[in-house]
Amino acid sequence: MKHLKVPKERASEVIRKVREKGLQARNYGVFNDGTYVYVPLEGEGSIWDSEVVDIEGRPEKRGETPVRVSGSFDAIGTIAVIKARDMEKASAMADSILKGGSGIRSVYMDTGISGEYRLRNLILVAGEENRTSLYRENGVTLKVDLEKVYFSPRLATERLILSKHVAEDEKILDMFCGVGPFSIVIARKQKCNIVALDKNPFAIELLRENIAMNRLAGTVIPVCGDASEYVKSISGMDRVIMNLPENSGSFLSLASGAVRRGGLINYYENLDVTSLEQRMEEIVGMGLEIVSKREVHTLSRTESMYSLELKKT
Ligand code: SAM
């Protein structure tokens, strides 16, 4: 059976075109081999610049046996983001999600995060191609565009906990703010002053919309810039939020310079359990006291995201 053979990075765009033109073979599924995604075609289908290969098709199991679906997904408004081992499993999950009546209209498979803006590489598995959505959490509404900005709903509880700790009139720097989930959730609840910084101009554009969309008790000032330069000019903050878990370590001494003595840093880092102790010793060596430590969520058998609250002594 003829299949389009597409590099994984282009799969989303090609699958969308194939489906729009009604060229995907009915009752056969999309699958991948880790590098290429194979899209079954109706008829000969020599189209576009993609390679066409003649290989055995994978009939969809739908209708023959009930599809057993397992695995969790992140719901971001009308978008579901799933992690699955292969396209076959992803298709089965997507099918079940779309039929679940949860208002999800697009299901994407997450194949990793990359680049300085920490964007998700997403492949459309089922539903409509639309990466923009409104998302609600902790009493606020956020507009996100997963094509242009990072967003994850997984820190919603973390944001709620933090918003309860912030005192009135605190001066806060949200150093890697994205579309502003930390800033907006905190400023919704507390009268405080937040400078929200991100180097991604699209994130700052959406942050402006998110500020306008929510009734805030505090103020949020959006700044588009690179923390490695901008934060040098900042001092006297009561609190700095550092949500860049893959690389927070290289910005910690800058953050420490921006916070007043006795002020706090909410620090997130992805760490292997074997390196956690050493990391904490390094942090203490920088003149920061560890007030609290929480495991936010696991990333693998040995790696987790940790949340540390640090006090400048
Ligand atoms: N706090 C947001 C959230 O929870 O959705 C975004 C977190 S995301 C993991 C990290 C953000 O840091 C991205 O939006 C990225 O554009 C931004 N970023 C990465 N390097 C940066 C830098 N040097 N200066 C400012 N922002 C940066």
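Every number in this text was worked out from the coordinates using simple rules, so none of it is lab data. These numbers were taken from a predicted model, which means no experiment stands behind them. Note that we place each Cβ from the backbone using ideal geometry, even for glycine, and neighbour counts take in every protein chain shown.
Local charge sum around residue 279 (other residues, Cβ-Cβ under 11 Å, Lys/Arg +1, Asp/Glu -1)?
The answer is -4.
What is the sum of charges, Lys and Arg at +1 and Asp and Glu at -1, for the other residues whose Cβ falls under 12 Å from the Cβ of residue 303?
-3
Where a ≥ b ≥ c are the square roots of the eigenvalues of the C-alpha gyration tensor, would you call the stretch 108-260 rounded, which needs a/c under 1.5, or, failing that, prolate if a/b is larger than b/c, or oblate?
oblate
Would you kindly calculate the translational diffusion coefficient of the chain, applying Stokes-Einstein with the Kirkwood radius from alpha carbon pairs, for 4 °C and a viscosity of 1.567 mPa s, and quote it in µm² s⁻¹ without decimals?
61
Need the C-alpha centroid separation for the stretch 113-128 versus the stretch 268-313, integer Å.
28
Using θ = phi - 60° and the Karplus relation 6.51 cos²θ - 1.76 cosθ + 1.60, list the HN-Hα couplings for the stretch 306-313 in order, rounded to whole Hz, with x at every Gly or Pro.
For the stretch 306-313, the Karplus curve yields 10, 10, 10, 9, 10, 10, 7, 8 Hz.
Hey, with R₀ at 51 Å, roughly what FRET efficiency would residue 261 and residue 72 work out to, going by the Cβ-Cβ distance, to 0.05?
Rounded to the nearest 0.05, the efficiency is 0.75.
Spin-label point model (7 Å from Cα, Cβ direction): what's the residue 279 to residue 26 distance in nm?
5.2
So which lysines pass the test for residue 191, namely a Cα distance under 29 Å, with those fewer than 8 places away in the same chain ruled out?
143, 164, 171, 199, 232, 293, 311, 312
In Å and on Cα atoms, what radius of gyration and Dmax does the stretch 135-216 show?
Rg and Dmax of the stretch 135-216, Cα atoms, are 11.6, 36 Å.
Going by the alpha-carbon gyration tensor, a ≥ b ≥ c the square roots of its eigenvalues, is the stretch 172-264 rounded (a/c under 1.5) or, if a/c is not under 1.5, prolate (a/b greater than b/c) versus oblate?
Note, shape of the stretch 172-264 comes out oblate.
Does the stretch 218-261 come out rounded, prolate or oblate, given a ≥ b ≥ c as the square roots of the eigenvalues of its C-alpha gyration tensor, rounded meaning a/c under 1.5 and, failing that, prolate meaning a/b above b/c?
Since a/c stays below 1.5, the shape of the stretch 218-261 is classed as rounded.
Once R0 is set to 51 Å, what does the formula 1/(1 + (r/R0)^6) return for the Cβ-Cβ distance between residue 303 and residue 193, expressed as a FRET efficiency to the nearest 0.05?
0.90
Could you work out the helix-only [θ] at 222 nm for the chain, with each DSSP H run of four or more residues adding -39,500 (n - 2.57) and the total divided by the number of residues, to the nearest 500 deg cm²/dmol?
-8000 deg cm²/dmol
Taking every DSSP beta bridge that has both residues in the chain, what percent is antiparallel when rounded to the nearest 5?
70
Once you place label points 7 Å from the Cα toward the Cβ at residue 16 and residue 128, how far apart are they in nm?
1.3
Let's test the formula: R0 of 22 Å, r as the Cβ-Cβ distance of residue 154 and residue 117. What FRET efficiency results, to the nearest 0.05?
So the FRET efficiency works out to roughly 0.75.
Taking the Cα-to-Cβ direction at residue 53 and at residue 1 and moving 7 Å from each Cα, how far apart do the two end points lie in nm?
For residue 53 paired with residue 1, the spin-label model returns 1.5 nm.
Normalised by the residues of the chain, what does the relative contact order come to in percent, with Cα pairs under 8 Å and at least six apart?
Relative contact order of the chain: 10 percent.
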